[in-house]
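A.B. asks: Have a look at this one before I ask anything.
The values are calculated or read from the model by the stated rules, or taken from the named source; none is laboratory data. Remember, predicted model here, so these are calculated numbers, not experimental data. So basically every Cβ, Gly included, is an ideal-geometry build from the backbone, and we count neighbours across all protein chains shown.
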Amino acid sequence: MRHVATTHQGTFLVEGKSIYVFELPDGRQVKGHDLQQDRDWPWRSSEQVTGVRYARLRATSPTYGAVTLVVVIGEGKLVVPVDFAIRRPDPTGPGAPCRDKLHWVQVMLDGRMAAFRHRGVELPPPMVVADSWFSDSKLMRHVATTHQGTFLVEGKSTYVFALADGRQVKGEDLQHQREWPWRDSPQVPGVRYVRLRATSPTYGAVTLIVVNEPREEQFYVMCLDTAISGPRIIRAWKRRSWIEYCFRTLKHLLATGVCQIHSEDAYYGHLVLRLMGCLVLFYTSRVICKGRMTMEEIIFSLKHYWRFVNCEALELKALSQRVNEKAA
């Protein structure tokens, strides 16, 4: 750090550890653990770093000498869609038996929610959107009871439900039958839907949303009984695939195809890469574009025109010196 400062007149920025000890100008001794846990700091806000508060402190370290400390706490509400790959519960070859996908989902969700609380970020109850192979009644109930959240999955054709009027229907009926009391909503233009309350032998009381769109196969999604509106549930379901477009572009730009390995570390890297794609998406829409481009427009561009990124629209001229603004 001192070499960078003296030789290059630069700044070497690192994340502090909980075991570090500092002395503040008022004579107080604090540890890194105090900086990570205490909330009584002279917090500031800035338009340049939206969604966070920070405190800037001058201190002295026995190891580093005079230092500048910046304590950061998040305030924003952020939902990050995540996709990941997992090993089989009992893989062949070296390695101990692994947890199955349902245990991994629960552990990862519990861990992320605990991490947000640890950082002082208060999030609303989560809405988890997953494919039908995650439709486990214990997992759905865990999300509802532990996090007061909603676990939304696509229903299967083999499921059986008892509707409020006493009729017995199968998932196949919900996927093909056209005689429902359809609704329209300006929040989901061009989409017809029906909201049903039902009881399942496996899941108990559930909410069913049957969706019908032009030129698309009819389908239904389900969750434990909820008061969340049908349009909001449909919008959440449609956004589940956003991560794929971000990930595909990022994977190509980072040339990850040439460094494929089969290990548990590789799967964690896969997850981190997808998280990076999500953060790039949210940062671009909220900070760089400042609301001038919606996330839907960005996703559409990534899906169809990702080879021709308009640097001017994204304010990235500094990154395209001597290159035409339409960079392939």
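A.B. asks: Of all residues in the range 169-193, which are over 28 Å from the mean Cα position of the chain (by Cα) and closer than 21 Å to Ser132 by Cα?
C.D. replies: Result: Val169, Lys170, Gly171, Glu172, Asp173, Leu174, Gln175, His176, Gln177.
A.B. asks: When you scan the range 176-188, do you find a residue that is more than 14 Å from Arg235 (Cα to Cα), among the hydroxyl-bearing types (Ser, Thr, Tyr) and surrounded by 12 or more Cβ atoms within 10 Å (Cβ to Cβ), even just one?
C.D. replies: No, the range 176-188 contains no residue that is more than 14 Å from Arg235 (Cα to Cα), among the hydroxyl-bearing types (Ser, Thr, Tyr) and surrounded by 12 or more Cβ atoms within 10 Å (Cβ to Cβ).
A.B. asks: Now a separate question. Mind checking whether some residue in the range 107-128 is surrounded by 13 or more Cβ atoms within 10 Å (Cβ to Cβ), under 24 Å from Glu217 (Cβ atoms) and touching a strand residue (DSSP E or B) at 6+ places or on another chain (Cβ under 8 Å)?
C.D. replies: yes
A.B. asks: Of a type in the set (Phe, Trp, Tyr) and outside any loop (DSSP other than H, G, I, E, B): is that true of Trp180 in this structure?
C.D. replies: Answer is no for this residue.
A.B. asks: Which condition number in (1) assigned to a helix (DSSP H, G or I); (2) at pLDDT 85 or above; (3) closer than 23 Å to Val206 by Cβ is the one that Val153 fails?
C.D. replies: The one condition Val153 does not meet is (1).
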